[in-house]
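Report on the structure given below.
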Amino acid sequence: MRRNLLGLWGVLAAALFFTTGCPPTYPKCSSDDHCKEHNEVCVQGQCQECATDANCKPGFVCSANKCVPKPECDSNTRCPGGKKCQSGKCVAERPEGTCDSDSDCPSGQGCKAGRCATREVEPTNTCALSAVRFEFNESRLTGDAQNALSNLADCIKKNGWKMRIEGHADERGTEEYNLQLSNRRAASVKAYLVNLGVSDKVLETVGYGENRPAVDGHDEAAWAANRRVEFVKR
């Protein structure tokens, strides 16, 4: 009788082992418990930063399983008073051709006396390695950035420079998201320079996220200054 009981326990133990098996190796998962160590949740067998907005801290939403700053709007219907939704923000409609700043004008134009006009490019004999700026949560190049990069491309080709393109982000958002955003900004600048004829072999990119701010501060002026790509000759 005792031998039969021991044999039965052995069969049950073996069945339990083959049923449960070993826990999956990160980032694979079968439950949220397998992702807790990394402060993540299990989404379709993979540990991810979030599955729903509830997994993100206040002021953030879940997008493509990443916590990103919550936009003010996602369509024009979300904006009051006839405003329109632009890059996640509600902005006032303006008569066509009018502007408050260069960012309101099409590429190649600037804001002059409240109207968009063809930008007058002043001749220059210097090759300044000035930073280019980005809009909030954007890696797309503004018209000002494109003009600066056109001049930089000529300087790189003329002088045979090798360049390191360093991407940065402001402090809003998670550290992981800002690192990815800074890498996308650096990649966007590199792609534009290559399109202008610069060899990709002389360009390398790196993203520093929010870790190297140009300006210390927690307001829009500081954030705007820190959303940038800088250039270092190698």
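The values are calculated or read from the model by the stated rules, or taken from the named source; none is laboratory data. Remember, predicted model here, so these are calculated numbers, not experimental data. Every residue, glycine among them, receives a Cβ derived from its backbone with ideal geometry; neighbour counts consider all protein chains shown. What goes into the accessible areas is simple: the full protein's heavy atoms, side chains included, and nothing from ligands, DNA or RNA. Shrake-Rupley method; radii C 1.70, N 1.55, O 1.52, S 1.80 Å.
Report the percentage of all Cα-Cα pairs in the chain whose separation exceeds 23 Å, rounded to a whole percent. Roughly 64 percent, rounded to a whole number.
Scalar couplings 3J(HN,Hα) for the range 221-234, obtained by applying the Karplus form with A = 6.51, B = -1.76, C = 1.60 to θ = phi - 60°, are 5, 5, 4, 4, 5, 8, 7, 7, 10, 10, 10, 10, 6, 9 Hz; x denotes Gly and Pro.
All other residues whose Cβ lies under 12 angstrom from that of Gln48 are scored, Lys and Arg at +1 and Asp and Glu at -1, for a net of -2. Cysteine residues of the chain whose Cβ has no partner cysteine Cβ closer than 4.7 Å: Cys22. Computed from phi, the 3J(HN,Hα) profile of the range 93-104 under the Karplus parametrisation 6.51, -1.76, 1.60 (θ = phi - 60°) reads 5, 9, x, 4, x, 8, 7, 10, 8, 4, 5, 7 Hz, with x in place of Gly and Pro.
Dividing the summed helix terms, -39500 (n - 2.57) for each DSSP H run of n ≥ 4, by the number of residues in the chain produces a 222 nm estimate of -9000 deg cm²/dmol to the nearest 500. Taking N as the residue count of the range 127-234, its C-alpha radius of gyration divided by 2.2 N^0.38 Å amounts to 1.02. Each residue of the range 169-183 is assigned a 3J(HN,Hα), and the resulting list reads 9, 7, 6, 6, x, 6, 4, 5, 5, 5, 5, 5, 5, 5, 5 Hz, derived from the Karplus form 6.51 cos²θ - 1.76 cosθ + 1.60 (θ = phi - 60°), x at Gly and Pro. By a 1.4 Å probe calculation restricted to protein chains, Thr118 has an accessible surface near 110 Å², given to the nearest 10. Would you tell me the accessible area of Arg212, worked out with a 1.4 angstrom probe on the heavy atoms of the protein chains, in Å² to the nearest 10? Surface accessible to solvent at Arg212 totals approximately 120 Å².
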